[in-house]
Amino acid sequence: MGYNRREFLRLGGAAAAGLALAPMACAPASKEAATNTFGLQLYTLRDDFPKDPKGVLAKVASYGYKQVESFEGPNGMFWGMTNKEFKAYMDELGMSIVSSHCNIDQDFERKAAEAAEIGMEYLICPWRSQEKLDDYYAVAEDFNAKGEICKQNGIKFAYHNHGYTFTETEGKFPHDILMENTDKALVEYEMDIYWVVTAGQDPIEWIKKYPGRFTSSHIKDRMKGTDEREATCTLGTGVIDFQSIINAGKQNGMEYFIVEQERYDGTTPLASVEANAKYMNKLTL
């Protein structure tokens, strides 16, 4: 692969803790709604995208995606383009860049200013695993500081979870520490539904526990019949009932639904991206 996710995420923290597994029953999608607005995390196309960013983005637009969420690779969040050049191309395709995962420990003020300049809504921290439970208090403090920088620039800061914050440690969930010690006016959360499920937790329970805090999501399915930790699959072929989670999310402040996939057994990244768009259009968003 052109990019190793762990190497990228390593910029934000240490290795993840072990995860428990608890599949969820899959329910049929609702009737088709061709006007749904949903996004794509570009990491899904991490092998194809760097070779021809504009060409791949044009294909993504042709599949019906209206939003993209970028990630920070060797050529930055805008993949060799300036922020304004990237936005101009998004405008040409009828899409928008709503957010990006990034290394929040390097040049964050510049990144926030560049994101704000083109109307992005979020900068997102993708990884913050800690060895000790108490270390998450310092993480929360740092998130508040980053959220203040974003607020000063007119954008928002969010944290994208993996399974480690939803795995009980020393009698407490690290995610509770983050939620309880971050200012809701400064820090929002992007729920990666796959990782909540993989950690053995119920996304709906967490959404209801912290209404208004999970404002965006990663729509990422989990393979059936496996205990593998890294087991994403094309939407609709796995075990997660997305419609019920989306319904709960929308009732509690969730606004963005970003598709992501990291494995492509029996298919290709681009074919999965196209199939995932068809699935998303069958949901009620």
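Could you tell me which of the residues Leu285, Leu235 is assigned to a loop (DSSP other than H, G, I, E, B) and closer than 21 Å to Ser99 by Cα?
Leu285
Within the range 261-285, can you find the residues that are touching a helix residue (DSSP H, G or I) at 6+ places or on another chain (Cβ under 8 Å), over 18 Å from Tyr43 (Cα atoms) and surrounded by fewer than 17 Cβ atoms within 10 Å (Cβ to Cβ)?
Passing the criteria: only Thr284.
Just give me the residues in the range 40-97 being assigned to a loop (DSSP other than H, G, I, E, B) and on the phi > 0 side of the Ramachandran plot, in sequence order.
Those that are assigned to a loop (DSSP other than H, G, I, E, B) and on the phi > 0 side of the Ramachandran plot: Gly64, Trp79, Gly80, Gly94.
If you go through the range 107-127 one residue at a time, do you hit one that is charged (D, E, K, R), in contact with a helix residue (DSSP H, G or I) (Cβ under 7 Å, 6 or more places away or on another chain) and part of a loop (DSSP other than H, G, I, E, B)?
Checked the range 107-127: no residue is charged (D, E, K, R), in contact with a helix residue (DSSP H, G or I) (Cβ under 7 Å, 6 or more places away or on another chain) and part of a loop (DSSP other than H, G, I, E, B).
Those residues that are among the hydrophobic types (A, V, I, L, M, F, W, C) and more than 27 Å from Gly225 (Cβ to Cβ), I need them from the range 174-207; list them, please.
Passing the criteria: Ile177, Leu178, Met179, Ala185, Leu186, Val187.
Only residues that are touching an Asp or Glu at 6+ places or on another chain (Cβ under 7 Å) and touching a residue at least 60 places away in the same chain (Cβ under 8 Å): list them for the range 251-268, please.
Result: Ile258, Glu262.
Six or more apart or on different chains, Cβ atoms under 9 Å: show the pairs whose first residue is in the range 167-185 and within 12 Å of Asn144 (Cβ to Cβ) and whose second is of a type in the set (Lys, Arg).
Leu178/Arg128; Thr182/Arg213; Lys184/Arg213; Ala185/Lys151
Tally time: how many residues in the range 130-168 are within 16 Å of the chain's Cα centre (by Cα) and either outside any helix (DSSP H, G or I) or closer than 24 Å to Asp91 by Cα (or both)?
Number satisfying all stated conditions: 7.
In a helix (DSSP H, G or I) and either at pLDDT 95 or above or crowded, with 18+ Cβ neighbours inside 10 Å (or both): is that true of Gln243 in this structure?
Criteria met by Gln243.
Ala138: buried (at least 22 other Cβ atoms within 10 Å of the Cβ), more than 20 Å from Val259 (Cβ to Cβ) and at pLDDT 95 or above, yes or no?
It is false that Ala138 is buried (at least 22 other Cβ atoms within 10 Å of the Cβ), more than 20 Å from Val259 (Cβ to Cβ) and at pLDDT 95 or above.
Every residue, every condition in (1) under 27 Å from Ala277 (Cα atoms); (2) crowded, with 24+ Cβ neighbours inside 10 Å, yes or no:
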residue: Glu180; (1), (2): no, no
residue: Ile193; (1), (2): yes, yes
residue: Gln201; (1), (2): yes, no
residue: Glu230; (1), (2): yes, no
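Considering (1) under 21 Å from Val187 (Cβ atoms); (2) open to solvent by 10 Å² or more (accessible area, probe 1.4 Å), say which one Ile258 fails and leave the rest.
Condition not satisfied by Ile258: (2).
The values are calculated or read from the model by the stated rules, or taken from the named source; none is laboratory data. Computed from a predicted model, the values in this text were never measured in an experiment. Neighbour counts run over all protein chains shown; Cβ positions are idealised from the backbone, glycine included. Protein only, heavy atoms only, side chains kept; ligands, DNA and RNA dropped before computing areas. Shrake-Rupley method; radii C 1.70, N 1.55, O 1.52, S 1.80 Å.
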